[in-house]
Amino acid sequence: MMFKRALTTTTAKSKTILSGIQPTGIPHLGNYLGAVNNWVRLQDVDPVTQVKPVNYYMIVDLHAITMPQRPDELRASKFDMATALLACGIDPEQSALFEQSRVRAHSELAWILNCITPVGWLGRMTQWKSKMDVSREKSISHAQILADESLTSGLRMGLFDYPVLMAADILLYKATHVPVGEDQTQHLELARDIAKLFNTTFKTRLFPKPTGIIPPSTKRVMSLRDPQVKMSKSDPSDSSRINLTDTPSVIQSKIRRATTDGVRGISYDPKERPGVANLVDILAAVRDISADQVIQSVADVQSTKVFKDMVAEALIEKLVPIQKDIERLRNDRGYVEQVLQAGAQKANAVANENIEQVYKAVGLR
Ligand code: TYM
């Protein structure tokens, strides 16, 4: 009840916060420190305005199918992601947590936005360009891709259109703030451009310009194997990332094997010492302090091994309670499903109202 009232009486000052995550099963540390940790914080009353924000967090299953998925695995991964998000601290009383495909207006708005978005804007997106480089348009069937994981997909329309669906996600709720990692900034910029284009085309002020909320030090958590590239689910090496459900001994071993350098002592120099800087950023985020404070606290630590053990210990301390909660929630399927259903209901109430306004603005009503 409380939530419903908050949704319908959004004041000028209250923020509408929205973000999404792909249903990869279990988030990795990059997802957590780059985005989900912020989602959790942003549920609280805004310390500056003292106004409670309205929060929408989605499992973006429609985005997931832009790459081939096995249906049963997709279903299972969505459930696992929901349990992980709840265990990380998404509070269903304060946020609508839902599956994107449960709100049909996402697809409807994406279509309308498709009809005004210039193709050239999408052709410039780096994510599309990098996928195009990898794939080189292999002419293979969907069934072949599903049968052989080593094959990269021939490029599909849905993948090209991915950023328009993401713009639709954001604009559908008239979101004002979008907490994401740095890799989403180009997508967010496009959403802003599309908002402006829609407003100008249809002489309306329907869509506000969404602002990104990007954490300063963990906007790009790097791979543990190669600190020049970001930590990612698609990296074939599992030791390049910490998964939120990695056991303490796995966490310790991955951190111990993390690529660093032969320099003695711990300093913060992302250019010259990217591996060490990545670990400093991780430790700072997990302890909720600055990189400078980490460096001060390890002034007398000479060995990287000792420092790595400190990082591993802090991570274990942070992740074990989350892991316990994931386990508990996995055994309470009914509860998780009920949360997702209630989340979709809350989201639909707003989305259906807003899509009608869009239809009117465009002349479809
Ligand atoms: P996805 O699922 O790839 O990632 C979810 C969130 O995790 C962040 N992230 C990282 N942050 C720091 N360091 C890393 N190594 C790292 N890896 C991932 C991402 O920036 C993201 O915030 N397109 C989006 C999902 C999406 C969305 C939206 C987001 C769909 N619709 C609307 C915001 C608003 C994606 O694929 O995120």
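Out of (1) touching an Asp or Glu at 6+ places or on another chain (Cβ under 8 Å); (2) of a type in the set (Val, Ile, Thr); (3) touching a residue at least 40 places away in the same chain (Cβ under 8 Å), what's the single condition that is false for Val180?
Condition (1) is where Val180 drops out.
Please name all residue pairs, on different chains or six or more residues apart, with Cβ atoms under 8 Å, provided the first residue is in segment 265-277 and is closer than 12 Å to Ala299 by Cβ and the second residue is of a type in the set (Lys, Arg) and not in a loop (DSSP other than H, G, I, E, B).
No pair meets every condition.
Of all residues in segment 189-203, how many are acidic (Asp, Glu) and either within 9 Å of the ligand (Cβ to nearest atom) or under 24 Å from Asn348 (Cα atoms) (or both)? Reasoning before the result, please.
Within segment 189-203, the first condition is being acidic (Asp, Glu), and the residues that meet it are 189, 193.
Cutting the leftovers down to either within 9 Å of the ligand (Cβ to nearest atom) or under 24 Å from Asn348 (Cα atoms) (or both) gives us none.
Residues in segment 189-203 being acidic (Asp, Glu) and either within 9 Å of the ligand (Cβ to nearest atom) or under 24 Å from Asn348 (Cα atoms) (or both): 0 in total.
Anything in segment 78-100 that is hydroxyl-bearing (Ser, Thr, Tyr) and in contact with a strand residue (DSSP E or B) (Cβ under 9 Å, 6 or more places away or on another chain)? List them, or say none. Full working, then the answer.
Of all residues in segment 78-100, those hydroxyl-bearing (Ser, Thr, Tyr) come to 83, 95.
Within segment 78-100, Ser95 is the sole residue that qualifies.
Please determine whether any residue of segment 262-277 is assigned to a helix (DSSP H, G or I) and not aliphatic (A, V, I, L, M). Lay out the reasoning, then the answer.
Just the residues of segment 262-277 that are assigned to a helix (DSSP H, G or I), to begin with: 274-277.
Right, trim to not aliphatic (A, V, I, L, M) and you get 274-275.
Yes - at least one qualifying residue is present in segment 262-277.
Among the residues of segment 226-241 satisfying the criterion of being farther than 16 Å from Glu272 by Cα and assigned to a loop (DSSP other than H, G, I, E, B), which is nearest to the ligand (Cβ to nearest atom)?
Taking segment 226-241 as the starting set, the residues that turn out to be farther than 16 Å from Glu272 by Cα are 230-241.
Right, trim to assigned to a loop (DSSP other than H, G, I, E, B) and you get 231-237, 241.
Details: Met231: 4, Ser232: 6, Lys233: 7, Ser234: 9, Asp235: 10, Pro236: 16, Ser237: 14, Arg241: 8 Å.
The residue in question is Met231.
In this structure, is Lys209 farther than 25 Å from Gln323 by Cβ, of a type in the set (Lys, Arg) and within 16 Å of the ligand (Cβ to nearest atom)? Quick ask: steps written out before the conclusion?
Details: farther than 25 Å from Gln323 by Cβ: yes; of a type in the set (Lys, Arg): yes; within 16 Å of the ligand (Cβ to nearest atom): yes.
In short, yes.
Determine whether segment 9-16 contains at least one residue that is within 13 Å of the ligand (Cβ to nearest atom), at pLDDT 95 or above and within 17 Å of the chain's Cα centre (by Cα).
Here is the first cut: in segment 9-16, the ones within 13 Å of the ligand (Cβ to nearest atom) are 16.
Applying the additional criterion that residues be at pLDDT 95 or above yields 16.
Pick out the ones that are also within 17 Å of the chain's Cα centre (by Cα) and you get 16.
Within segment 9-16, one or more residues are within 13 Å of the ligand (Cβ to nearest atom), at pLDDT 95 or above and within 17 Å of the chain's Cα centre (by Cα).
Output yes when any residue across segment 243-251 is more than 18 Å from Ala284 (Cβ to Cβ), within 16 Å of the chain's Cα centre (by Cα), in a loop (DSSP other than H, G, I, E, B) and within 8 Å of the ligand (Cβ to nearest atom), and no when none is. Reasoning before the result, please.
Restricting attention to segment 243-251, the residues satisfying the condition of being more than 18 Å from Ala284 (Cβ to Cβ) are 243-250.
Those still in the list that are within 16 Å of the chain's Cα centre (by Cα) too: 243-244.
Filter once more, so that each one left must be in a loop (DSSP other than H, G, I, E, B): 244.
Those still in the list that are within 8 Å of the ligand (Cβ to nearest atom) too: none.
There is no residue in segment 243-251 that is more than 18 Å from Ala284 (Cβ to Cβ), within 16 Å of the chain's Cα centre (by Cα), in a loop (DSSP other than H, G, I, E, B) and within 8 Å of the ligand (Cβ to nearest atom).
Within segment 175-183, identify whether any single residue is within 18 Å of Ser107 (Cα to Cα), assigned by TED's automatic domain parsing to the domain that holds Asn354 and touching a strand residue (DSSP E or B) at 6+ places or on another chain (Cβ under 7 Å), and answer yes or no. Spell out how you get there, then give the answer.
Taking segment 175-183 and keeping what is within 18 Å of Ser107 (Cα to Cα), we get 175.
With the extra rule that they be assigned by TED's automatic domain parsing to the domain that holds Asn354, the set shrinks to 175.
From the residues that got through so far, the ones that are touching a strand residue (DSSP E or B) at 6+ places or on another chain (Cβ under 7 Å) too are 175.
Among the residues of segment 175-183, at least one is within 18 Å of Ser107 (Cα to Cα), assigned by TED's automatic domain parsing to the domain that holds Asn354 and touching a strand residue (DSSP E or B) at 6+ places or on another chain (Cβ under 7 Å), which makes the answer yes.
Could you check Thr259 against (1) assigned to a helix (DSSP H, G or I); (2) in contact with a Pro (Cβ under 7 Å, 6 or more places away or on another chain); (3) within 18 Å of Lys230 (Cβ to Cβ) and say which number it fails?
(1)
Tell me which of these Ser232 doesn't satisfy, since it passes every other one: (1) assigned by TED's automatic domain parsing to the domain that holds Leu165; (2) among the small types (Gly, Ala, Ser); (3) touching a residue at least 60 places away in the same chain (Cβ under 8 Å).
For Ser232, the exception is condition (1).
Do the conditions hold for Thr66, that is, is it among the hydroxyl-bearing types (Ser, Thr, Tyr), closer than 30 Å to Leu155 by Cβ and surrounded by fewer than 17 Cβ atoms within 10 Å (Cβ to Cβ)?
On the way: among the hydroxyl-bearing types (Ser, Thr, Tyr): yes; closer than 30 Å to Leu155 by Cβ: yes; surrounded by fewer than 17 Cβ atoms within 10 Å (Cβ to Cβ): no.
No; evaluated as a whole, the condition is false for this residue.
Note down all Cβ pairs under 7 Å where the first residue falls in segment 285-304 and is hydrophobic (A, V, I, L, M, F, W, C), the second is surrounded by fewer than 15 Cβ atoms within 10 Å (Cβ to Cβ), and they're at least six residues apart or on different chains.
Note: pairs meeting the criteria are Ile295/Ser267.
Taking segment 37-58, which residues are in contact (Cβ under 8 Å) with a residue 40 or more places away in the chain, within 22 Å of Val350 (Cβ to Cβ) and either hydroxyl-bearing (Ser, Thr, Tyr) or assigned to a helix (DSSP H, G or I) (or both)?
Correct list: Asn38, Trp39, Val40, Tyr56, Tyr57.
Test Lys219 against the criterion of being within 15 Å of the ligand (Cβ to nearest atom), in a helix (DSSP H, G or I) and out of contact with any strand residue (DSSP E or B) (no Cβ under 8 Å at 6 or more places or on another chain), and give yes or no. Before you say what the answer is, go through the steps one by one.
Numbers: within 15 Å of the ligand (Cβ to nearest atom): yes; in a helix (DSSP H, G or I): no; out of contact with any strand residue (DSSP E or B) (no Cβ under 8 Å at 6 or more places or on another chain): yes.
No: the conditions fail for Lys219.
Yes or no, residue by residue, for (1) at pLDDT 90 or above; (2) more than 12 Å from the ligand (Cβ to nearest atom); (3) in contact with a Gly (Cβ under 8 Å, 6 or more places away or on another chain):
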position	(1), (2), (3)
Ser130	no, yes, no
Arg136	no, yes, no
Ile140	no, yes, yes
Val164	yes, no, no
Tyr173	yes, no, no
Val178	yes, no, yes
His187	yes, no, no
Arg205	yes, yes, no
Pro215	yes, no, yes
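The values are calculated or read from the model by the stated rules, or taken from the named source; none is laboratory data. Quantities reported herein were computed from a predicted structural model and do not represent experimental measurements. As a convention, Cβ positions derive from the backbone with ideal geometry for all residues, glycine included, and neighbour counts pool all protein chains shown.
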